[in-house]
Structures are given as C-alpha cells and as structure tokens.
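Have a look at the structure below before the remarks.
What follows is calculated from the coordinates using simple rules that are stated; it is not laboratory data. Everything numeric in this text was worked out from a predicted model, so none of it was measured. Note: ideal-geometry Cβ built from the backbone for every residue, glycine included; neighbour counts use all protein chains shown.
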Protein chains: 2
Amino acid sequence: MNLSDIMEDFQHCVCEGGRVITVPEEMAAYLTDWRGNKTGHARMVLQPGSTESLARIVRLAAQTGTALVPQGGNTGLVGGSVPETDGNAILVSMTRMNRIRSVDPASDCIIAEAGVILQHVHEAAAAADRMFPLSLGAKGSATIGGLVSTNAGGTQVLRYGTMRAQILGLEAVLPSGEVLDQLSPLRKDNSGYDIKQLLIGAEGTLGFVTAASLRLLPAPKTVVTALVGLTDPAAALGLMTRLKPATGDRLDSFELMPRIAVELVTQHVPGTRDPLEDAYPWYVLMEVTSSVAGDALHDALEAALAAELAANRILDAVIARSERERGELWQLRETIAEAEKADGKALKHDISIPVADMPRFMAAAAAAIEDRWEGAQVFAFGHLGDGNVHFNVRSDARLPRERLMLLRDDVAALVYRMVADHRGSISAEHGIGSLKAGELAQLGDPGKLAAMKAVKAALDPMGIMNPGKMFV
Amino acid sequence: MNLSDIMEDFQHCVCEGGRVITVPEEMAAYLTDWRGNKTGHARMVLQPGSTESLARIVRLAAQTGTALVPQGGNTGLVGGSVPETDGNAILVSMTRMNRIRSVDPASDCIIAEAGVILQHVHEAAAAADRMFPLSLGAKGSATIGGLVSTNAGGTQVLRYGTMRAQILGLEAVLPSGEVLDQLSPLRKDNSGYDIKQLLIGAEGTLGFVTAASLRLLPAPKTVVTALVGLTDPAAALGLMTRLKPATGDRLDSFELMPRIAVELVTQHVPGTRDPLEDAYPWYVLMEVTSSVAGDALHDALEAALAAELAANRILDAVIARSERERGELWQLRETIAEAEKADGKALKHDISIPVADMPRFMAAAAAAIEDRWEGAQVFAFGHLGDGNVHFNVRSDARLPRERLMLLRDDVAALVYRMVADHRGSISAEHGIGSLKAGELAQLGDPGKLAAMKAVKAALDPMGIMNPGKMFV
C-alpha cells in the first residue's frame, strides 16, 4: 500500500462528528505553539468525533508505523502539542470530542471528554452547586485531555492538588489502538496496577486520553482574600506554616511576589494599583475559602494577621472587603506574565524543590546568577506553598535583553544544576515536551529514566505516539 | 555456580543491621498470612538493614532468576505477602528498615523507611503537632512499605484519599536492582512519567518500596462524632450529600452499618451498648474535624442534624459529648469484624462501585443472593462515602455455616459479576494478591490487563518479583 492510499484510509477513520483538514492554510493554526516559539509540519489534521473513530486511527497508525501528535487547546508551554518539522506525523486534534457526558452531584463527579474546555467544566460544576478545584490562566482554551496529559497545576494546588488528584477515572486509547476503559468514577480501586496514572502527565507519548471522570467539591460560599507585605521568602514560609492550622487547613492559595512584580504590573497594566500604602520587599497573595455561607473565616484570618503584625512577623496586610477588591488583588498576581512581556523578553524556568528549602534556594540561585552575569536580575514568583516558583531572569541596562537572550542555555544550565543539587524538579508544572527533553535525559534520576524507557517501549513499541517529546 | 553457593551469596548481601533466618522454626512466623488462610515455603528469610543491601540482593536475584517475596507487617488480607508453596523463593522482610529519616513541619512531610509501623508515623506526626491522615485497624503492625504497596485505605479516605494521595516521594529498588530515587518530597513534579505511581498498589510485583515521603496535615483540635439512625442506604447517601457542604467539606468519616451490626457487636463484644433508645434499620457513624481549637463544628453539625430530623430525613441522632462517648461510638464500628468472627464464619467481599449507585447495588445484590440461597443473609457495612462496602454474607439456621462456606466460589462469582455490571471494582482496598488473581484475569478491563502485562514484562523481565501474585 502506498503512502497516499494510507493517508486516504486515515481520512476514512474519521466519521460522525469528525473532520479532516488537509488545506495548508487551515492546518497552520494547529502547527505553531501558543507562545509562537515552535512551528512543525504534519501530513494532515484529523479531528475525530468519538473514541471509536480515534481507536480506528490509532490501530491504522500502529499497523503502518505512522506518527501521531495529540493536541488539545494547544496552550502548552514546552512544545508538547506541536509536531516535529519532518512533516511525517498526523496531528490529531481532540477538540471535537467536547461533550460533558454527565454531572453527578451525588457522586461528586463530572465526566468530560478530552476536548472539553476547562471553563466549561467550571460552569457545569457551578450549575450543580459544586466546584471543580483546578484553575489556571488558560482556562478559556485549555482542554481536559491536555490538562490530564500534562498533569496541570495552577493556583489552588496547595489545598486541592494537581490534576492527578482530581482524576477518579480515565478513558484512553493506548498505542496499540486498544481502549483503556477505566472511566468509572471509583474512589477506591485496588484491582491491579493503576495504569491510568501512567497516562497522567505522559504528554501524549503513551496514548490518547479521551475522557476523564473528575471529582467535584462543594461550591465555595465564603471567600477571603488578603495581600500581605513582608521582608523575605523565609518570612512568607513561616507565615504559611502558622496560617494553615489557624485557618482550619482551608488555605487555597499562597502566592509569593517580589516588589518588582508590583512595580511592573502597576506600570504596564492599565487599571492596576498598589493596594498598600508603603512599598515592601515581598508580598503574599492568599485566599481561604469555605463551603459554608457566613463562615467566620474573615474574622479568623483577620485575627491571625493582626497577631502576625503585632509580633512583627509581617509588615502590612489588607483584606479585600468586596468582590471588586478581591478582583484587584488577584489582578496583581494574574497579570504578572503580561507585565513581564511588556517589560521585555526574559528567561523562564518552571522549577520546584521541597517547600522548606525554597527560601534558601531562591537566595542562593539569585546570588549565583547575579554574581556571574552583571546586570542579570532574578524575578521569582509563584506558588510558594507548593515549592514551585517561576524562576525568571530579566536584566537592567547593564545587560541588554538581546544579550541576555543569548545566555539562555548557560543560565538554564546553572539554574537546573542548582535545582538538581536541591533535589528539585526541572519542570514543576509545564512538563518536558520537546523543550526540556535534553535536560531531562541529562539530569533525571537514572533509575527513573530506565523505567521510563522500558515503559515507553512496552506500551508504544512502534514509537508512534508524539515522537520527539519527553525523550531525546 | 550451584544452588547452595548462590544461597550463600544471598546471605552475604545482608550486612550492617540486617539479619538472615534459615532455621525453619524461626522462618515459620513469616510464612503464614495473618488470617491463617495460606501457608507458603521459602529458601530463607532475609532482613536487609539498608537500601544498598537490598539492592545487592535484588541484583543477585536478577542474575540468578531467584524469586523474591517482599513482606512488611504481614497484615494483608489477600495472601500478597506470603510465598507460594514451591519453596523456591526467598522471603525478604523489610521490618529492619524501620527508621524515620526526618519529620519536617515546614514542608509538612515525614520520610519513613518501608519497615516503619503506621502507629509510629502517627506518633512522630503528633509530636510535631501534625497528623498523618491515614489509619486502619492494623495500624499497630502494618508497615509503610506494605501500605504503599497495597495503596491502603481505611476510615478517613472520604476526606483525605487513599495512601496514594499521601505520597510525595518514593524510594524503591526496581527488579533490575537499580534504585528509583524519587524520594524528594515535591508537591509538583512534571519531569517525565511518574514511575512511582506504578509501585503504589503493585503489591511488590514491580520492585521493593524502601522509603516514602508522606504528607502531613495540621493536627485536629476539634473533633465531633455522631451516630445517626435512618431507614436505608439511600437516606444515608442523601444525608452525606447535604452534610458535606454544610460542614465545610470537613467530613472525615461516613461509615454505614445495618442494624444486625449493632446487634452482633452488643451481643459479642463486652462493654458495648446501643447508644440510641430505639432500634433503626440502618446507622451512620460520622466524624467532622478541624485544626482550629474551639471551632464551631459541633454547633454546625447539631444544627444540620436537627434540620434533618425535623424534615423526617433521618430517624434519630446522638452526638458524643466526651472523648469517652466518642470512643464508645467508634467501638461499635471498629469491633464489627470481631463480632462477626464470634458469630461464625462468613463470606467476605471487599468491593467498590460509583458512590451514587451504591444503595441500588446493595439492594439488588442482597436480593439476588437471598433469593438464590435460602437462609443466606447479606451483611454489608463500611465506607459508604467512598462507594466501598464490605459486602459479607452470613446465614441463619436454614443454611448451616459449613454449607455456606462450600458456596464460597458461587457466591463470589455472583457478587463480582454484579459489581462488574455496576462498573465497580472487585477489590476496593485489600488488593488482588493470590486470592483474587483469577477473578482479575477474568473480569478486568482487557485494555488494562494488556497494559499491566506489558508493564510487568518490561520492568521485571525475569519475573522474579512476588510470583503468583496479581497475575495468574
């Protein structure tokens, strides 16, 4: 069978509700990543409308050794959903499998297909007086399949965990074309290896996630949000350690920001302002929530912060008094990326280390970078409670941004080496994709890398699933 | 090299802090399971004192094709930690690797070796004003390695999840003898496949768990415990659905019991009594907790239960007014197994199905069994909130217990078939071991079974790890 016959057969795998795209102009939208850093090529784009249709595609790919690249909302940051440049792969977009199959408040579960957009899951949960406890900036585009395949994080991991913690069940098409039917939303199941755990965070290299059963929680009825000024990350960590028990372990978010973040945001993002009178070296944005309306959480947080102020352990604090004020506080955190972009290009590192070591790591890594490259400035912010900061590097006039950009590999090598020395991860929440495959091969635990290769070879012996990602 | 030389080499792998047992009388304690249902044989018992020593044992086993059977506290219920009867395996007891490596309140993490007893983890956490949120009846003997390898459950899964949800990091020796070093307690890590998830619940068939980093939570300061009488499991499920939001999602336990449980316990267990004046068809034992001392949880639960009573949705309720009364309520639940034993042998099934379907399943399965075998009586109780009941079958005078015991396979076949029809699991928390390997092969999802076999062959190509378990 020649190649064009094979490609025709692939098109025939797509039926009811599906779509085939072969026109280069239409395909282009699927072939470049969200940041515009990577463009690949593909033989065609297939959008299957059902698990059965997708299984046919994968079986044919396994028979013919055709590479497949899964894609959801294409909002990833490591090039994981874009094909390589050889043009031999078929891109499979999951966006037409976008049905919410069920919302069940009695089981606290929603079952959504891979192409459902996160925002729609939030809305369906809210309509049933429930909450889906994972959110992130790209929620209007990111899909459930992509969130599962990258084990997504966000700003509520502190209390609720990453995507992995939300998954009660999973349906997938394995690289053989066989369907993994583990979708039943079981809270407990110890009948054999939990194979679905392998698909979570595998970035499409072990098969296609087609649907997920996700846990729901009671909808929040009381939300208290505060911004605190303090001296340094160690003070922030100490504050968190005391606030967790004091608020009944209901701390949803605990986001660290340096002064420069507040300055860049208020400078570059219209409508933002610094809500505290004086300037402080560091800030924490925190939020506690309860499903009980009129819960005494506001008083509890206010009393706890007053005690911290009285003990000189924090420098200042403000609690949002309205939904509008709450929005303003969150805007400070959520527009950091936008403000950074307006400020000019920066080098970005999404890293994690054990929570208690983070203040020491941040100080040591910033000193090492700023000592070695004059004018380099570390700009670290993010999920302190998860031991995960976005460790970015910008520069002042002494080091023009174009020159900084040329140092990309050297700076990354230094950061990742220090992360490894602190027993941390070179990718906390964004994944490996093609961007960090080299670093993983170099810095990963040999025992883990050997097991990863064995698993990949066992489940995808033809190497058809998302080649060029995760492995070099 | 002949067999006795090889066995001598194995003994040499054990050094500092380790122990070798070859005397049959001393070995016997390791070769029979806790329930006394299964006895195996082994060439010897090795008790390594360190990960390095264990890695030497496993490398030698991989070179010589020697079977290894891992064992922790030997409290399992499916024969998973007992060797087969051929006597070719070496039993490796992990009880000498029993060091708590660190307790870190700032990272909310405890690092414990595989042989540490659960009770000791509870005590170390409490000493740091923290809680380790997993507990079960065997906590005085069960070890961390066994709890990880069986993904243990217990009575607090409803709020905190199974053992899998507690694991931040894992160290293991893979079947190749290579060490998997994923022990660093990272809250987020998306750098490659999460291989440690495979070890969790693998029952020792994919390697040895040697240590785990476990999450800690704030210690509970307010605990409110109530017993409710109600008409049926559907009423209990409705109650849970309303209480979760009303208590701020702080429902730790929600345990269902039929009237017969209260009768058997008060009849067979000295010092127990029925705390409610009248008899009710079903009961729920529930507990809500908070890390805030003096939290208004008691009032919240009392108000919620009063409203339920006023609406005739429950029949009666009592809230424990002291730690002694709390102990009495829990004793009713925790001595069910003891009371059942005193009552005579029963057929036991540890099953789960989606939470919302449990009332219908319980009614249908009980009717099917009691219709088919005159005198058979279903006795189902347990973790309703997790969709996991212990679905046991006893009998009255019409069906003598010896005859009931002969129906073991027929009753199990009927129960497991109905569980499969309801998209449930034939093992919710006890695992597969050797006891249910046949059922899993017969009833498991073909896609999952194929992936399990591929993973097993990839990571343990010699088949040395715990043969006879999980797979037939």
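Using the 10 angstrom Cβ neighbour count as an exposure proxy, how do B:334, A:439, A:25 rank, fewest first?
A:25, B:334, A:439
Compactness ratio of chain B: Cα Rg over 2.2 N^0.38 Å, N = residue count?
Normalised by 2.2 N^0.38 Å, the Cα Rg of chain B equals 1.02.
Please express the Cα-Cα pair-distance distribution P(r) of segment A:1-111 as a list of whole percents, one per 5 Å bin, running from 0 to the bin with the greatest distance.
Over segment A:1-111, the share of Cα pairs per 5 Å bin runs 2, 12, 21, 21, 18, 12, 7, 4, 2, 1, 0 percent.
Given the convex hull over the Cα atoms of segment B:272-409, what projected area results after averaging over all orientations, in nm²? Could the numbers behind the result be given before it?
Working: hull surface 42.1 nm².
With the hull built on Cα positions only, its mean projection is 10.5 nm².
Using a simple charge model, +1 on the beta-carbon of Lys and Arg, -1 on the beta-carbon of Asp and Glu, nothing else, what dipole does segment A:222-335 show about its Cα centre, in debye to the nearest 20?
With only Lys, Arg, Asp and Glu charged at Cβ, the dipole is about 140 debye.
Give, rounded to the nearest 20 debye, the magnitude of the charge dipole that segment A:291-356 has about its Cα centre when Lys and Arg contribute +1 at Cβ and Asp and Glu contribute -1 at Cβ.
Using Cβ point charges on Lys, Arg, Asp and Glu, segment A:291-356 gives about 220 debye.
How far apart, in nanometres, would the label points at residue A:223 and residue A:52 be if each is projected 7 angstrom from Cα along the Cα-to-Cβ direction?
Roughly 4.2 nm, to one decimal.
How far is residue B:29 from the same spot in each other copy, in nm, shortest first, if each label point sits 7 Å from Cα toward Cβ?
Once sorted, the set of distances for residue B:29 reads 7.0 nm.
What is the pair-distance distribution P(r) of segment B:100-218, computed from all Cα-Cα distances in 5 Å bins starting at 0, with each bin given as a whole percent?
Per 5 Å bin, starting at zero, the Cα-Cα P(r) for segment B:100-218 comes out as 2, 12, 24, 26, 21, 10, 4, 1 percent.
Pick out, from B:176, B:100, A:359, the residue whose Cα sits farthest towards the positive end of the charge dipole of the protein assembly as shown, with +1 on the Cβ of Lys and Arg and -1 on the Cβ of Asp and Glu.
Of B:176, B:100, A:359, it is B:176.
When only C-alpha pairs under 8 Å and at least 6 residues apart count, what is the relative contact order of chain A, in percent? Present the calculation step by step, with values, prior to reporting the outcome.
Values: 973 pairs, mean separation 69.6, N = 472.
Relative CO of chain A lands at 15 percent.
Could you line up B:301, A:147 from fewest to most neighbouring Cβ atoms inside 10 Å?
Ordered from fewest to most neighbouring Cβ atoms within 10 Å, B:301, A:147 come out as B:301, A:147.
What is the spin-label model distance, in nm, from residue A:123 to residue A:360 if the labels are put 7 Å beyond Cα along the C-beta direction?
My value for the distance between the label points is 4.9 nm.
Can you list residues whose amide H is under 5 Å from residue B:253's amide H, if they're 5+ apart or on another chain and H is modeled 1.01 Å from N?
B:287
Can you tell me, using C-alpha contacts under 8 Å and at least 6 residues apart, the relative contact order of segment A:222-335 as a whole percent?
45 percent
With a bin width of 5 angstrom, please list the P(r) values of segment A:268-344 as percents of all Cα-Cα pairs, from the 0 bin to the one holding the largest distance.
3, 12, 20, 24, 18, 12, 8, 3, 1
Charges on Cβ only, +1 for Lys and Arg, -1 for Asp and Glu, centred on the Cα centroid of segment A:344-430; of A:349, A:400, A:381, which one is farthest towards the dipole's positive end?
A:400
Any idea what angle helix A:233-246 forms with the longest principal axis of chain A, computed on alpha-carbon atoms, 0 to 90 degrees, nearest 10?
Value to nearest ten degrees: 90.
How shielded is B:441-453 by partner chains, expressed as the average number of their Cβ atoms within 10 Å of its Cβ atoms?
Per-residue shielding by partner chains comes out at 6.
For segment A:370-417 and segment B:29-98, what is the centre-to-centre distance using only Cα atoms, to the nearest Å?
50 Å
What are the label-to-label distances in nm, one decimal and shortest first, from residue A:140 to the same spot in the other copies, with labels 7 Å along Cα to Cβ?
Relative to the other copies, residue A:140 has label-point distances of 6.0 nm.
Shielding by partners for A:286-292, please: the mean number of other protein chain Cβ atoms within 10 Å of each residue's Cβ.
Counting Cβ atoms of other protein chains within 10 Å of each residue's Cβ and averaging gives 3.
Need the full-extension length gain, residue B:368 to residue B:401, defined as separation in residues times 0.36 nm minus the C-alpha distance. One decimal, nm.
Numbers: separation 33, 0.36 × 33 = 11.88 nm, distance 1.89 nm.
So the extension gain works out to 10.0 nm.
Using DSSP to call loops (not H, G, I, E or B), can you name the GluC sites (Glu not before Pro) in segment B:367-413 whose Cβ has at most 13 other Cβ atoms within 10 angstrom? Walk me through the numbers before you get to the answer.
Details: sites: B:370, B:374, B:402; in loops: B:374.
When the GluC sites (Glu not before Pro) of segment B:367-413 are filtered for loop state and at most 13 Cβ neighbours within 10 Å, B:374 remain.
Could you list A:32, B:225 so that the one with the fewest beta carbons within 10 Å of its beta carbon is first and the one with the most is last? Write out the running numbers ahead of the final one.
Numbers: A:32 14, B:225 23.
Listing A:32, B:225 from fewest to most nearby Cβ atoms yields A:32, B:225.
Nm distances between the label at residue B:273 and the same-position labels in the remaining copies, 7 Å along Cα→Cβ, shortest first?
Nearest to farthest, the other copies are at 6.6 nm.
Under a point-charge model restricted to the Cβ atoms of Lys and Arg (+1) and Asp and Glu (-1), what is the dipole moment magnitude of chain A relative to its Cα centre, in debye to the nearest 20?
Here the size comes out at about 500 debye.
What's the Cα-based Rg to Rh of the protein assembly as shown, Rh via Kirkwood?
Value, to two decimals: 0.96.
In whole angstrom, and with the biggest value first, how far do the Cα coordinates of segment A:222-335 range along each principal axis?
37, 29, 20
Round to the nearest 10 and give me the degree value, 0 to 90, for the angle of helix A:51-64's Cα axis relative to the longest principal axis of chain A.
70 degrees
Hey, got the average number of other protein chain Cβ atoms within 10 angstrom for residues in B:168-181? Before the final figure, lay out the partial values.
Details: counts 3, 2, 0, 1, 2, 1, 5, 1, 4, 1, 7, 4, 6, 5.
The shielding value for this peptide is 3.
Among A:246, A:264, A:226, which residue has its Cα furthest toward the positive end of the charge dipole of segment A:222-335, with +1 on Lys/Arg Cβ and -1 on Asp/Glu Cβ?
Value: A:246.
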